[in-house]
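Shown next, in structure tokens, is the structure this report addresses.
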Amino acid sequence: MINSSTIQIELGYKLLDSKEWKAVNFLPENYFDIESDEIVSLDSIPFYDHAIDYLVQDLEIQKESVMATKVHLHDKSTKQERLITESFWNYGRNRLIERQDIGSQPYSEIILEMMVSEVPEVWEVLRCDRLSGVLSPSYHAKIQDCEDGSQVEHHVNVAIAPESSSMSKVA
């Protein structure tokens, strides 16, 4: 059961060669990967992890030409909102993501994803949450793509007390 009338989705984007923001609206069934019996909510799983992928796949916009995106999800029935903004640099390979949930359960986080090496491909990811009003790291790792398709994560300790960093291999 799709309750598409209660969820509004607007994807804004700014291109490098433009001074103006552009926007496109999405129906929930075109934004979320919904099961036939699923009731859509702000926590439904989107087709893509990042707004830029909707621009590239659906609107055929070149990834390298996008400076920033902002997604505004609004559930009129619960009065909950989610704002996700992303800014890009290094030809779209690096991004700064901010998520804010507005409503009865406010939440915010910032994620920094940076390519630090092309060969081998290594990404540094830093996730920060607000704890007692203070922005604090909750995850920090360098992720290396392997030839077999797996990834190796080199975790950086985010604890205040000194401990050793760890490594783990993920599929």
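Where strands (runs of 3 or more DSSP E) fall wholly inside the range 57-114, the ranges with 1 or more residues that are aromatic (Phe, Trp, Tyr) are 80-89. Take His140 and decide whether it is over 19 Å from the mean Cα position of the chain (by Cα), surrounded by 11 or more Cβ atoms within 10 Å (Cβ to Cβ) and at pLDDT 90 or above. Answer is no for this residue. Residue count for the range 24-53 satisfying the condition of being aliphatic (A, V, I, L, M) and either closer than 15 Å to Glu86 by Cβ or not assigned by TED's automatic domain parsing to the domain that holds Lys79 (or both): 2.
The values are calculated or read from the model by the stated rules, or taken from the named source; none is laboratory data. What you see is a predicted model, and the numbers here were worked out from it, not measured in a lab. Virtual Cβ from ideal backbone geometry, glycine too; neighbours counted across all protein chains shown.
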